[in-house]
1. Pull up region 120-140, narrow it to residues that are part of a loop (DSSP other than H, G, I, E, B) and modelled with pLDDT of 90 or more, then point me to the one that is surrounded by the fewest Cβ atoms within 10 Å (Cβ to Cβ).
2. Take the residues of region 103-114 that are outside any loop (DSSP other than H, G, I, E, B) and farther than 21 Å from residue 62 by Cβ: which is nearest to the chain's Cα centre (by Cα)?
3. Got at least one residue in region 23-46 being at pLDDT 90 or above, crowded, with 16+ Cβ neighbours inside 10 Å, touching a helix residue (DSSP H, G or I) at 6+ places or on another chain (Cβ under 7 Å) and more than 22 Å from residue 142 (Cβ to Cβ)?
4. Given the criteria in a strand (DSSP E or B) and either without any contact (Cβ under 8 Å) to a residue 40 or more places away in the chain or under 30 Å from residue 11 (Cβ atoms) (or both), does residue 117 qualify?
5. I'd like to know if region 69-78 contains one or more residues that are loosely packed, with under 14 Cβ neighbours inside 10 Å, over 15 Å from the mean Cα position of the chain (by Cα) and closer than 23 Å to residue 149 by Cα.
6. With the checklist (1) at pLDDT below 95; (2) touching a helix residue (DSSP H, G or I) at 6+ places or on another chain (Cβ under 8 Å); (3) surrounded by 14 or more Cβ atoms within 10 Å (Cβ to Cβ) in hand, flag the one item residue 66 doesn't pass.
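The values are calculated or read from the model by the stated rules, or taken from the named source; none is laboratory data. The shown structure was predicted, so the numbers you read here are calculated from the model rather than taken from an experiment. Note that we place each Cβ from the backbone using ideal geometry, even for glycine, and neighbour counts take in every protein chain shown.
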C-alpha cells in the first residue's frame, strides 16, 4: 500500500511539473508576441515572469530560450534574435528546423523552448533527473515581426 501511495505521489508531482513547464512555454511565447518591439528590460521581465508560473518549484532548474525566426521564400528558417534564461541563446542567422505547418514562406515566428530538470523526490534512484518541458511556436500579433533591441530582420 505504501508503495502505491508513494508511486502515485511521484507520478502526480511529475505531471504537475510537466504541466507547469508547458505553461511557462506558452506564457513566455504569448508575452513575446503581444508587442511590436521588446527592450532588454522587457525581455528580462518576460523571462522573470516564468518564476511565477513554475512556482513552487525552483526557477534555477528552468531553462528558457525565446527566439524570433525568419522564414524566407524557400521556407528556410533562420534566427533573427534570441534571448535566454539559464541557457544559451541561439546564434543569429543559425538555420533551425520547424515542424510542418509552421514554416510559411516570408513570415516570422517566435519559438519558445523550455526545459526543466525534474528530480523525483524518492524515485530519483530509478529514473534520475528527467528533462520536462516543450516548445511553442507563436506568430507575432501586432506586426509581421517582433523586434528585440532594434533587431527586427536579418541583414
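1. Initially, region 120-140 is screened for residues part of a loop (DSSP other than H, G, I, E, B), giving 120-123, 128-129, 139-140.
Next, only the ones that are modelled with pLDDT of 90 or more stay: 139-140.
On the way: 139: 14, 140: 19.
Per the stated criteria, the residue is 139.
2. Among them, the one singled out is 109.
3. Within region 23-46, one or more residues are at pLDDT 90 or above, crowded, with 16+ Cβ neighbours inside 10 Å, touching a helix residue (DSSP H, G or I) at 6+ places or on another chain (Cβ under 7 Å) and more than 22 Å from residue 142 (Cβ to Cβ).
4. The answer is yes for residue 117.
5. Within region 69-78 (the criterion being loosely packed, with under 14 Cβ neighbours inside 10 Å, over 15 Å from the mean Cα position of the chain (by Cα) and closer than 23 Å to residue 149 by Cα), the answer is yes, since at least one residue qualifies.
6. Looking at each condition in turn, residue 66 falls short on (1).
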